[in-house]
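Working notes, structure below.
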Amino acid sequence: MLRASSGTVHRARRQRQEMSLPEILLWRALQQRPAGLKFRKQHPIGIYTLDFFCAAARLCVEVDGEAHDRGDQPAFDASRDAWLALHAVETVRVPATVILRDLDAAVTAIIAAARPRLPLRQPCGLPPPRSGEE
């Protein structure tokens, strides 16, 4: 996985304590490991901090409030998404209003984006079958 600078790690730790209401609500849902998916909150990667990250699916989930539509933010978001895509991380952007209005629909959309990105065989803790067995 991509390493983050110490400054990015410190910023991520601070942001974990300053989450918005939509982020808190989504985090509570993602903590339940929907569809068996494990998420991290405010995950540092490269020079960025991702709102939520599923390592197994290499999926970034960003909660976008209205500030994401103003000023330089759209260009910053596009640049960040492109950088993540170069490193095989897909970004799913969920509007904060959707989370506040219908949290279950937001979680369902996140799961739908993650499933096709999962490895074909999930490790189950068992040794692989011997040759000729299946």
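The values are calculated or read from the model by the stated rules, or taken from the named source; none is laboratory data. Bear in mind the structure is a predicted one, so any value in this text is a computation, not a measurement. Cβ sites come from the backbone with ideal geometry, for glycine too, and all protein chains shown count toward neighbours.
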Practice problem: Considering (1) outside any helix (DSSP H, G or I); (2) surrounded by 17 or more Cβ atoms within 10 Å (Cβ to Cβ), say which one Trp27 fails and leave the rest. | Solution: (1)
Quiz item: How many of the residues in segment 102-116 are farther than 16 Å from Arg28 by Cβ and exposed (fewer than 13 other Cβ atoms within 10 Å of the Cβ)?
Solution: 3
Quiz prompt | Condition broken by Pro119, with the remaining ones in (1) over 20 Å from Leu21 (Cα atoms); (2) at pLDDT 95 or above satisfied | solution = (2)
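Please specify each residue of segment 48-58 satisfying the condition of being part of a strand (DSSP E or B) and not aliphatic (A, V, I, L, M).
Taking segment 48-58 and keeping what is part of a strand (DSSP E or B), we get 48-54.
Residues satisfying the conditions are Tyr48, Thr49, Asp51, Phe52, Phe53, Cys54.
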Quiz item: Hey, does segment 43-50 have a residue that's touching a helix residue (DSSP H, G or I) at 6+ places or on another chain (Cβ under 8 Å) and at pLDDT 95 or above?
Solution: no
Exercise. Scan (1) hydrophobic (A, V, I, L, M, F, W, C); (2) touching a Cys at 6+ places or on another chain (Cβ under 8 Å); (3) within 17 Å of Pro22 (Cα to Cα) for the single condition Val89 breaks and write down its number.
Key: (3)
Quiz item: In segment 59-101, which residues are without any contact (Cβ under 8 Å) to a residue 24 or more places away in the chain, under 18 Å from Leu25 (Cβ atoms) and of a type in the set (D, E, K, R)?
Solution: Arg101
Quiz prompt | Scan of segment 59-112 for residues that are acidic (Asp, Glu), more than 16 Å from the chain's Cα centre (by Cα), part of a helix (DSSP H, G or I) and closer than 25 Å to Gly46 by Cβ, ordered by number | solution = Asp69
